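The structure appears right after this line, and notes come after that.
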Amino acid sequence: MTLSHSLSRRGFLTGAAALAGAAALPRTGRAASPVGLTLAPVQSQLLPPPRPGTPVWSFGGTVPGQALRYRRGARLSVRAENRLDQPSTIHWHGLRVPNSMDGVAHLTQSPIPPGGDFDYAFDLPDSGTYWYHPHMGGAEQVGRGLAGALIVEEDAPIRVDRDLVWMIQDWRLDAKGQIDPDFDTPHDAMHGGRIGNLVTLNGQAGDRVEIAPNERLRLRLINAATARVVALDFGALSPVIVALDGQPVTPHAPDDGVVLIGPGMRADIVLDGTGAPGSTQPVRDVFYDSMTYDLVTLVHGDTPVRATAPDWDMALAPNPLSEPDLEAAQRHEVIFNGGMMGQMMMGDAAPEMIEQMRAGKMWFVNGRASAGHDGPALIEAPLGTSQVLALENRTGWWHPIHLHGHVFRILTRDGQPTARREWRDTVLMAPQERVEIAFKADNPGNWMLHCHVLAHQAAGMAALIRVSDAA
Ligand code: C2O
Ligand code: CU
């Protein structure tokens, strides 16, 4: 098996999609006219043949959706063409966009009606691994497959042999391979969200990806599931995390030996083919004790690409983010309540929350269930101020909490300073965990803060942060 042959079907498709994207999209400078991106139903072979195909919804005709690839500093210009039979939008997860381009239905734009179009155009100040998906509140549109990778290349990328996107999606299929149409069930919403029964990597389950001995890969892992947290165990291989949510981080081995990625989150890892020629290494998701499975199997080829593993530098240059001023920062307590068994942790605010539960809400931010675009803002932040949010998870569930329009530093977890003060756009909170985050409110507009378990978001776990120009 030679290296050129070792591009697996998966690798080939990813490469081809990336090339198609690169050919269609301007690498630098201003886009003359928008690139069309169609939201439409398609048939996809998620299950291996001869199992039946699955009708899904897609961006650009593929699952996952068309990968968009740009250079840092370029301008994205996309015409969203909604050919679904329901309204939709596109949100650019993790990108610091102008508020009017954020794609949040009913907050930053009207939903794009069936048959309608919407033009998104903005500059890309930050490099990294991002993704896009509709922002229509519920789990259905993402759960039916609408998600795509958005890669912004560094000015000076780190050296690797291959740069691959690994997009993880979670599907709940019936025995006939059809998507279970019962989205946002109260049971899912009260528990961990809509956890599926088939996990795909770049649209396929249980695939094999080849790696040559001593080859270096950059894997851009994107968790596009609506609810499932993944914790990837690479066995005898030694992944090194070089970026989280697109933002460079000091290269480090994963804590506890597994790469933990909540819904919405990303991790860029560097992986060297250190196994023996011909050996295989499953990449196992071990997050849920009773539901472990092999996401993919890495297969070492027979022919090393070099005599030893490379010793190339893995550190990425930081993005131009504004550093929050912790001394001067405004501080807010943000308490999350709700879910199954959550009433024990509600304390004095329980009556009001129980009242909202009668109206079908199940999750609360400072005692209030919200769609994130209705009612008063949780936080009013004058433009240019620094904000520290002390997040507290008073529930028995995991929550990936995502902030729009900004990137924040993670300062502490349960009162302990974090080792790397990493920048992120989504922070995964364990049950009962407390996390302090900080950011500079430098992007004016109405921004959502919400759980990326989409059934939690739909059942109230969302709030609004207003960054106002009028200081
Ligand atoms: Cu990935 Cu509010 O979204
Ligand atoms: Cu949640």
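The values are calculated or read from the model by the stated rules, or taken from the named source; none is laboratory data. From a predicted model like this one, the values you see are computed outputs, not experimental measurements. Note that each Cβ is placed from the backbone with ideal geometry, even for glycine, and that neighbours are counted across all protein chains shown. Remember, those area values only see protein heavy atoms, side chains included, never the ligands or the DNA or RNA. Shrake-Rupley method; radii C 1.70, N 1.55, O 1.52, S 1.80 Å.
Observations
Let's see how each residue does on (1) within 16 Å of ligand 1 (Cβ to nearest atom); (2) crowded, with 22+ Cβ neighbours inside 10 Å; (3) closer than 23 Å to LEU244 by Cα; (4) small (Gly, Ala, Ser):
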position	(1), (2), (3), (4)
PRO41	no, no, no, no
PRO48	no, no, no, no
GLY53	no, no, no, yes
VAL63	no, yes, no, no
ALA74	no, no, yes, yes
SER77	no, no, no, yes
ASN82	no, yes, no, no
GLN86	no, no, no, no
TRP92	yes, yes, yes, no
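- Selection from region 161-219 of residues that are more than 27 Å from HIS300 (Cβ to Cβ) and polar (S, T, N, Q): GLN178, THR185, ASN197
- Test: residue in region 445-454 that is in contact with a Phe, Trp or Tyr (Cβ under 7 Å, 6 or more places away or on another chain) and in a loop (DSSP other than H, G, I, E, B): no
- Extreme residue, farthest from ligand 1 (Cβ to nearest atom), among residues of region 94-135 that are assigned to a loop (DSSP other than H, G, I, E, B) and charged (D, E, K, R): ASP126
- Among the candidates ALA205, ALA212, the residue that is open to solvent by 10 Å² or more (accessible area, probe 1.4 Å) and in contact (Cβ under 8 Å) with a residue 60 or more places away in the chain is uniquely ALA205.
- Meets criteria (in a loop (DSSP other than H, G, I, E, B), without any contact (Cβ under 8 Å) to a residue 24 or more places away in the chain and more than 26 Å from TRP398 (Cβ to Cβ)) for ASP325: no
- Yes/no for ALA276 being among the small types (Gly, Ala, Ser), touching a residue at least 12 places away in the same chain (Cβ under 8 Å) and away from ligand 1 (no atom under 16 Å from the Cβ): yes
- Applying the set (1) within 14 Å of ligand 1 (Cβ to nearest atom); (2) out of contact with any helix residue (DSSP H, G or I) (no Cβ under 7 Å at 6 or more places or on another chain); (3) not aliphatic (A, V, I, L, M) to GLY138 leaves exactly one unmet item: (2).
- Matching residues in region 399-444 - criterion: being under 17 Å from the mean Cα position of the chain (by Cα), within 16 Å of ligand 1 (Cβ to nearest atom) and of a type in the set (Phe, Trp, Tyr): PHE408
- Taking the conditions (1) among the aliphatic types (A, V, I, L, M); (2) under 23 Å from ASP155 (Cβ atoms); (3) in contact with a Pro (Cβ under 6 Å, 6 or more places away or on another chain) in turn, ALA121 satisfies each one other than (3).
- Candidates ALA438, ALA459: the one that is over 10 Å from ILE401 (Cβ atoms) and crowded, with 24+ Cβ neighbours inside 10 Å is ALA459.
- Any hit, region 377-395, residues being modelled with pLDDT of 95 or more, more than 28 Å from ASP123 (Cα to Cα), within 16 Å of ligand 2 (Cβ to nearest atom) and within 19 Å of the chain's Cα centre (by Cα): no
- Unique match (being open to solvent by 80 Å² or more (accessible area, probe 1.4 Å), part of a helix (DSSP H, G or I) and of a type in the set (A, V, I, L, M, F, W, C)) among MET344, MET357: MET344
Here is a yes/no grid of residues against (1) in contact with a helix residue (DSSP H, G or I) (Cβ under 8 Å, 6 or more places away or on another chain); (2) within 25 Å of THR292 (Cβ to Cβ):
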| residue | (1), (2) |
| --- | --- |
| LEU150 | no, no |
| ASP163 | no, no |
| ILE168 | no, yes |
| ARG172 | yes, yes |
| GLY177 | no, yes |
| PRO186 | no, no |
| MET190 | no, yes |
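- Residues of region 285-324 satisfying the condition of being over 18 Å from VAL160 (Cβ atoms) and of a type in the set (Asp, Glu): ASP285, ASP289, ASP294, ASP302, GLU323
- Test: VAL242 is open to solvent by 10 Å² or more (accessible area, probe 1.4 Å) and either touching an Asp or Glu at 6+ places or on another chain (Cβ under 6 Å) or aromatic (Phe, Trp, Tyr) (or both): no
- Some residue of region 161-168 being in the same structural domain as LEU217 (by TED's automatic domain parsing), within 16 Å of ligand 2 (Cβ to nearest atom) and modelled with pLDDT of 95 or more: no
- Within region 110-139, the set of residues being more than 18 Å from LEU321 (Cβ to Cβ) and either open to solvent by less than 20 Å² (accessible area, probe 1.4 Å) or in contact with an Asp or Glu (Cβ under 7 Å, 6 or more places away or on another chain) (or both) comprises ILE112, PRO114, GLY116, ASP117, TYR120, TRP131, TYR132, HIS133, PRO134, HIS135, GLY138, ALA139.
- Only one of the numbered conditions (1) out of contact with any Phe, Trp or Tyr (no Cβ under 6 Å at 6 or more places or on another chain); (2) within 24 Å of HIS252 (Cα to Cα); (3) not small (Gly, Ala, Ser) is violated by THR292, and that is (2).
- Of everything in region 397-428 that is part of a loop (DSSP other than H, G, I, E, B) and either outside the structural domain of MET448 (by TED's automatic domain parsing) or within 11 Å of ligand 2 (Cβ to nearest atom) (or both), the residue that is least open to solvent (accessible area, probe 1.4 Å) is TRP397.
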